[in-house]
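Single-structure report; data block below.
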Amino acid sequence: MALNRKIAYIDLSTGKIETKPIPVEVRRKFLGGRGLDAYLLYNHTKKGVDSLGPKNTLIVSGGILTATCASATARTHVMAKSPLTNLLGSCNMGGFFAPELAWAGFHHLVIKGKAKKPVYLWIHNGEIEIRDAASLWGLTTTETQWAIRKELDDEDIKSMVIGPAGENLVRFANVMTGIKNSGGRTGMGAVMGSKNLKAIAARGTMDIKIAHPIDALEFNKRFIDQITSAKVNQTQGTLGTPFIWGATNSWGGVRTRNFQYNQCEYADDIEPERIDEICTETMGPHHMTGCFGCQVHCRAKYKIPTGPYAGKYDEGPEYTSQGAFGGEPDCKSAETVLTGNHLVNQWGVDNLEIGSIIAWAMELYELGILTSKDTDGLELRFGNDEALLEMVRRICFREGWLGDTLADGGIPASEKIGKNSFDYLIQVKGMNNLHSDERATPGLALNIATASRGSDHLRSRPAIDLYHLPEAVLRKIYSNPVPYDGPLSSEHTEYIGKPWQVFWQENCYMAVDCLGICKYHTTFLGATLPNFEDWPKVLYYNTGLEFTPKDIWDIAERCNNIERLFNLREGLTRDDLKKGDTLNHRYFDEPCLRGAPDVIGAKIDRKKFKKMVDEFYVHHGWDKNGVPTPETLKRLGLDQEPSHLL
Amino acid sequence: MEKVLKIDYQKCTGCRLCELVCSVSHHGVSNPARSRIKVVKWEAEGLYVPMTCQQCEDAPCISVCPVKATSRDENDGFVVIDYEKCIGCRSCVTVCPFGARNYSTIDKVVLKCDLCGGDPQCARFCEVKAVDFISADRLSQSKKKDAAKRLSTAQKAAATLYPE
């Protein structure tokens, strides 16, 4: 059964490997996936460890429902202290790795120490082996996965790997599985690189016994019908996430030219419909592909149509790639977006961070803060496609002064570049923002300012804000499983009620991450998708564990608080521009210049924003500084942490 | 009316839900190693092909079975294994032109698609209908339609090129 999946402790310095069962009491407190990862990270690292040193702990996991008969449970979660932010490092990816890990007998891997030379882990039916990776070092992410399959002579091996960027300790290097599934944010690839760990390969044929198979099967069918009946998922299943870019760009909700504008004009070549056309031309009419057991199939397959990489196969490009290689640097060619997406996938780096940091460097160059001496002669101007792609290469391989500088992340780079370069860096807690523009949506602005892993759109985004649902509908969603009768507003430009929405979504997404399910299968972009009342059923049918919706809410709250405790231990302070719950001044000082009438002129009101944060803390049971009160910790059973139950 | 599994690999998104539901419905466990259908993948080309028993009319697995454990079910028309007779020699695995016969190292038996007794779960769960369960006489209908469409489009184009 899913509950007999184990946890493995692997010390790369000594080669010692220990496996343990995960007690049911621990499951009841933290479920699995991201929540249990957070507990393990808090318990297995000491305050102030060097994020790229051997004492940082890398945790890899699948959710409690991963590989069971529950729809779309393919998510792999990775956690460690982040080399980019020096706070919580955390990323989540789809694909096929986590289910394979579960069939191989494990739900959580806790990796400590540092190997003397490059190694990879081979996990097969309950056994774990540390193997030599000398021949893999230097290979791209796809080459590495193929080479492992060849070496171990098994086509069905799934591996989670790093590319050259991770090896070169680029502080926002990602971890990858498959062609394009990436755990992008917070630089988990650099942590793997710092441990000399090139890959984790898994293959398993161990049964996961389903507690109530017939019910689980039938409930899954119901789930699937619910998920595929949502219009948003039907759109995702045809156009993929680029459809979001199409919608928000036409409205004026994407950032371009590093926050100077909020709309990419005359960009027909990178609109979702054009990308869909290219996918159809190169891969045929059925060009969508999915993660394990998923009916949304939101990523497209394509071949790069023209240019030096013509004919290369890849998957995506996601919403973030459109922003990173289109909107942000103000490049408007599909070839650039598709090529950029291909390069970051192959070299293993976070597309969002690299696009954002290059756009920042472009603005600095245009302002004269960076000169052609710094760029080794590269004309790093907005709209220069060649310079953009060249910079991607220089960062991944740490080439030249600027490539090496930017590879260390925004804040260290701003300190090295000096002058007032930091003022132009659009970041929260040291992580650059997504290319979306939240000035017209205070709720979403609060979300990115307070997310536990730095600026983030997948931690607590009340994205249904933009649908203007009737207030009665909002109340139905946001009053469950915990009653809420405070203010709510279906107006996206409002400030009232938003802190509760962000708080509610934070718990909702945490629950989803603990279960191992994808966020498109909950109240993220669609209001009718599965929710707290559905998860107890799916948990019971698959694992036999009984929970109420409120239990799951409490677990989510507990896990969110553990993440908060970790961040506070590492120095998070509320108003710190580099480590706190606040936003770049441009959000408050510079109004939106483009877009729809409700967007033009919009900016965030400092006073109201501060009040939102206050309220958000109150909902959490945190004090004015964002620190959980003793009562809150006691209520959630966290007053004895670190408790070392595992 | 005889119904068959129709596989349209172009529609397959590679999600492998068919493998999952096959193993859960037959064994009560999630384990693709026990599935009777398998999605064969060329990931670097984006090509996925679900492979399963075709219930061949002239089935080599029936001919080759030394103990007559494999036969055609007279009521439903699909090929079945009698595990009372099966000796696990794997001759059928060897001769199957599609590799659709699996040998389960867990149970030490040969496994193959039994169409779930007439309600194949793989087809029921496949949203994109890469695996579908349809009557045998309609097997090529959609292909005919596609081809006809191409033909008519070509003729229309030709008419535009050479007006009367």
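The values are calculated or read from the model by the stated rules, or taken from the named source; none is laboratory data. This is a predicted model, so every value here is computed, not measured. Cβ: placed from backbone, ideal geometry, glycine included. Neighbour counts: every protein chain shown.
In summary, A:ARG171 fulfils each of the numbered conditions (1) touching a Leu at 6+ places or on another chain (Cβ under 7 Å); (2) in a helix (DSSP H, G or I) with the single exception of condition (2). Quick check on the range A:182-208: of everything there that is within 14 Å of chain B (Cβ to nearest Cβ) and surrounded by fewer than 24 Cβ atoms within 10 Å (Cβ to Cβ), which residue is farthest from A:LEU84 (Cα to Cα)? The selected residue is A:ASP207. The set of residues in the range A:241-286 being among the acidic types (Asp, Glu) and either part of a loop (DSSP other than H, G, I, E, B) or crowded, with 18+ Cβ neighbours inside 10 Å (or both) consists of A:GLU265, A:GLU271, A:ASP276.
Tally the residues that are more than 11 Å from chain A (Cβ to nearest Cβ) and either surrounded by fewer than 21 Cβ atoms within 10 Å (Cβ to Cβ) or part of a loop (DSSP other than H, G, I, E, B) (or both), restricting the search to the range B:36-77. Please lay out each step first, then the result.
Residues of the range B:36-77 that are more than 11 Å from chain A (Cβ to nearest Cβ), as a first pass: B:36-37, B:49-77.
In the following step, the residues that additionally are either surrounded by fewer than 21 Cβ atoms within 10 Å (Cβ to Cβ) or part of a loop (DSSP other than H, G, I, E, B) (or both) were identified as B:36-37, B:49, B:51-60, B:62-69, B:71-77.
Matching residues across the range B:36-77 total 28.
Looking at A:GLU353, A:GLU335, just one residue is modelled with pLDDT of 95 or more, farther than 15 Å from A:GLY178 by Cα, surrounded by fewer than 24 Cβ atoms within 10 Å (Cβ to Cβ) and away from chain B (no Cβ under 14 Å), and that residue is A:GLU335. Only residues that are out of contact with any Pro (no Cβ under 9 Å at 6 or more places or on another chain), in contact (Cβ under 8 Å) with a residue 60 or more places away in the chain and not hydrophobic (A, V, I, L, M, F, W, C) were counted across the range A:224-249, and they come to 8. Might you let me know whether the range A:480-491 holds any residue that is buried (at least 22 other Cβ atoms within 10 Å of the Cβ) and touching a residue at least 24 places away in the same chain (Cβ under 8 Å)? No: the range A:480-491 contains no residue that is buried (at least 22 other Cβ atoms within 10 Å of the Cβ) and touching a residue at least 24 places away in the same chain (Cβ under 8 Å). Go through the range A:149-168 and report how many residues are more than 22 Å from B:ARG16 (Cα to Cα), of a type in the set (A, V, I, L, M, F, W, C) and either within 13 Å of chain B (Cβ to nearest Cβ) or part of a helix (DSSP H, G or I) (or both). Matching residues across the range A:149-168 total 2. Restricting attention to the range A:169-180, does a residue exist that is closer than 24 Å to A:ARG5 by Cα, touching a strand residue (DSSP E or B) at 6+ places or on another chain (Cβ under 7 Å) and among the aliphatic types (A, V, I, L, M)? Looking for residues that are closer than 24 Å to A:ARG5 by Cα, touching a strand residue (DSSP E or B) at 6+ places or on another chain (Cβ under 7 Å) and among the aliphatic types (A, V, I, L, M), one finds at least one in the range A:169-180, hence yes.
Taking the range A:90-141 and the strands (runs of 3 or more DSSP E) fully enclosed by it, no element has 3 or more residues that are crowded, with 20+ Cβ neighbours inside 10 Å and within 14 Å of another protein chain (Cβ to nearest Cβ). Given (1) more than 26 Å from A:GLN295 (Cα to Cα); (2) within 16 Å of the chain's Cα centre (by Cα); (3) within 14 Å of chain B (Cβ to nearest Cβ), identify the lone condition not met by A:ASP37. For A:ASP37, the exception is condition (3).
Kindly establish whether A:THR339 is among the polar types (S, T, N, Q) and within 13 Å of A:TYR309 (Cβ to Cβ). It is true that A:THR339 is among the polar types (S, T, N, Q) and within 13 Å of A:TYR309 (Cβ to Cβ). Could you tell me which residue of the range A:287-329 is surrounded by the fewest Cβ atoms within 10 Å (Cβ to Cβ), considering only residues that are at positive phi and within 14 Å of chain B (Cβ to nearest Cβ)? Filtering the range A:287-329 for residues that are at positive phi and within 14 Å of chain B (Cβ to nearest Cβ), the one surrounded by the fewest Cβ atoms within 10 Å (Cβ to Cβ) comes out as A:GLY311.
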